Structure formats: structure tokens, C-alpha cells
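Before any comments, here is the structure.
The values are calculated or read from the model by the stated rules, or taken from the named source; none is laboratory data. If you're wondering where the values come from, they're calculated on a predicted model, not measured in any experiment. Cβ placement follows ideal geometry from the backbone for every residue including glycine, while neighbour counts extend to all protein chains displayed. These accessible areas exclude ligands, DNA and RNA; they are computed on the full protein's heavy atoms, side chains included. Shrake-Rupley method; radii C 1.70, N 1.55, O 1.52, S 1.80 Å.
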Amino acid sequence: MRTRRHKMLAPLVAVLLIGTACGADDTSDTTAVTTTTAPTTATTATTAPTTTTAAAPTTEAEADLSAMLPDAIREAGVIKSGGPVSIPPKVFLEEDGATRTGFMTDLAEAVAAELGVELEYAEMPFPALIPGLQGGSLDMTMTVSDQPARQEILDFVDFLDDGLVILVPAGNPNAVDSLESLCGLTVAVLSGSIANDLVQQTSESCGDPIEIKEFPGAADAQLAVRSGQADATFGGHVALNYLAATAEDGNAYEVAPGGPYTSQPDAFGFLKGNDQLRDAVQAALQRLVDNGTYEAILSQYGVTDGLYEEIPINAAGQ
């Protein structure tokens with residue numbers, strides 16, 4: 001496995017901070033679902049599935065990738081994916097509040113195009129994603145990062161090296177520069193996240209414990225920092241660097257010095273045992289790397305750090 005390391009460029013397009021929750025009460029039975037014709041660069045959220053016709057594979061190479069899919073998915077012509085839509089620049093809504101965009105969205109749709117199927121997207125909060133895979137309402141997750149502990153039940157096709165950093169208000173009023181500097185502060189975390197576990201472990205060694213507030217979505221945790229309900233929150237460095245540079249023209253937040261405190265590649269996740277779909281997605285992503293589409297998509301969102309030259313499976317912890 002090889003990664004290309006470059007300096008992170010400033011985002012090309014600023015976006016409005018998503019200030020609403022990404023579905024605190026959503027379940028796999030009540031989520032909004034969209035089906036898109038691959039490839040596209042954005043999709044429109046609706047309250048019920050809509051279906052369009054995807055182009056069938058037209059070349060021998062495309063047909064070969066389509067043949068890698070499980071029979072049920074190839075016959076249905078749809079990969080069911082899911083996740084929140086509040087993590088710029090990965091997956092988020094444009095200013096119209098309806099159009100889904102982001103590099104994770106674009107990559108997933110490009111993968112679907114290579115496989116000759118459509119991508120169906122269900123918006124649901126982070127804690128519902130693994131149960132969605134286990135219950136069969138999802139084939140693939142888009143926002144569950146690769147972690148060794150999760151590899152016990154999931155396999156990951158990694159597409160971007162990432163790690164947790166700390167987000168604080170602009171000016172860093174509490175001089176946060178390490179995990180230990182969070183002692184005595186209030187920290188907002190995403191329910192069920194690696195950051196939640198990390199903060200709890202850190203708090204156990206604090207003389208003055210950390211007050212931990214759990215939220216269903218990343219946007220909620222970020223809003224807690226912005227509104228003064230929390231002193232800090234966590235997230236991947238790609239997303240938080242983007243947020244710090246764009247929210248209120250860069251005047252709302254900053255990424256604290258220190259970190260990253262974990263290695264957790266961005267990945268598409270699959271239930272253990274779904275090897276055919278996992279391997280098909282890996283092959284499609286590798287083709288996107290080889291033909292330059294992968295780098296072009298990421299660069300559109302200002303992401304040039306942590307790219308892979310060879311798409312790995314379960315790279316976390318290796």
C-alpha cells in the first residue's frame with residue numbers, strides 16, 4: 001500500500017456550515033432515500049425512492065467489473081448506501097438544502113458507474129449505519145471510518161488516509177494542544193464514535209474530568225462548540241480543516257495544534273462476508289485511481305493529502 005503525501009490546499013469552494021442535525025431520530029425505516037443515475041456530481045434528496053435508468057456496461061472492461069458484483073445487486077441494478085449528509089467536504093447539502101454533494105458522494109457515484117449500477121442513498125445518523133448493514137437495508141456505508149475494532153464485523157475499502165484532530169473556537173481560548181489539555185473542559189462527541197471512546201479514556205486519567213456531551217451528528221457537535229455549549233469537538237482532519245477555513249469566512253473555528261490522535265482512513269464499509277461487493281468496489285476505485293478520476297474528484301474539494309496509489313482493504317492498524 002502506498003499513499004501520496006502533499007500539502008493540503010485551501011478549499012476551492014466555500015460552503016455554508018450545516019447547522020442542523022443529520023437526523024437524530026432517523027432509522028433505516030424512516031430515512032430519506034435517493035437513487036441516482038451514475039455518474040453524476042450531485043443528487044437530490046427526496047422523501048421516497050426515485051429510480052432512473054443507469055447506462056449498461058459498454059466495454060469489455062466494464063462488463064468484467066459488473067460481473068464481480070453479487071448476483072442480487074447486479075440483477076437489481078442498485079447498490080444501497082447510507083450515512084449522514086453533514087460532513088463537508090465529504091458529503092453535505094448545497095445551499096439549496098436539497099442537493100447532495102461532496103467528494104464521498106462523487107466517488108461513490110463514479111464507482112457505481114464503473115460497475116454499471118445505480119447508487120441509492122439513505123440519509124441516516126451514524127449510530128444506525130452498522131445496524132442498517134446487519135439488517136439488510138444497506139449494502140455499503142459511506143461515513144464509517146476504518147478502525148481495527150470495527151474490522152471484527154466490517155470490511156473496509158479505504159480511499160483516503162485520515163485521522164482525528166480537535167476543533168475549537170477561533171482563537172483557541174482554552175489553549176488546547178493535546179488530549180491532556182482537554183481535562184476540565186466540555187467536549188462534544190458523536191455518539192458511538194471513536195472520538196467518544198478516546199475522550200472517555202483521556203478523562204479517566206484527568207484530575208479534573210472531561211465533561212462529555214454526546215450528539216447524533218457531527219454538525220450538532222460542531223454547533224455546540226460554536227454556541228458555547230462545548231469547548232471542543234473531534235473530527236477527521238480533512239473535514240475539520242475545511243470547516244475551519246470556510247465557516248464564517250474562517251472566523252468561527254480553528255483546528256487545535258497537535259494530533260492526529262488516531263489513524264482512521266475514510267472508507268466504504270461492508271458487512272463481513274460480503275466479499276464480492278467489497279472486491280468489486282475496490283476494483284472500481286482502483287480503476288478510478290489509475291485513470292485519474294479519483295485524484296480529479298478529490299482535488300475539486302481541495303483535498304490533495306492522504307491519497308492512495310493502491311486502494312487497500314482494512315488498512316487501519318497495518
| query | Can you give the Rg to Rh ratio for region 132-192, taking only C-alpha atoms and Rh from Kirkwood? | reply | 1.09
| note | Rounded to a whole %, the carbon-and-sulfur portion of the accessible area of region 91-227 at a 1.4 Å probe is 47
| field | Modelled FRET efficiency - R0 25 Å, residue 71 with residue 151, Cβ distances, 0.05 increments | value | 0.45
| What span do the alpha-carbon atoms of region 175-318 cover on each of the three principal axes, reported in whole Å from largest to smallest? | 50, 38, 25
| query | Residues with amide H under 5 Å of residue 124's amide H, sequence separation 5 or more or different chain, H placed in the peptide plane at 1.01 Å from N; which? | reply | 83
| task | Assuming 1.567 mPa s and 4 °C, estimate D for region 171-254 with Stokes-Einstein, Rh taken as the Kirkwood radius over Cα pairs, in µm²/s. | result | 100
| query | So which aspartates and glutamates pass the test for residue 272, namely a Cα distance under 17 Å, with those fewer than 8 places away in the same chain ruled out? | reply | 139, 146, 152, 155, 158
| query | What is the distance, in nm, between label points placed 7 Å from the Cα along the Cα-to-Cβ direction at residue 205 and at residue 276? | reply | 4.7
| note | Output for region 107-219 (equivalent-ellipsoid semi-axes, sqrt of 5λ from the C-alpha gyration tensor, Å, descending) is 33, 15, 13
| query | Taking amide hydrogens as modeled 1.01 Å from N in the peptide plane, which residues meet the under 5 Å criterion relative to residue 174, leaving out close sequence neighbours? | reply | none
| So what is log10(I(q)/I(0)) for region 88-154 at q = 0.22, 0.23, 0.27 1/Å, when the Debye sum runs over its Cα atoms only? | -1.11, -1.18, -1.31
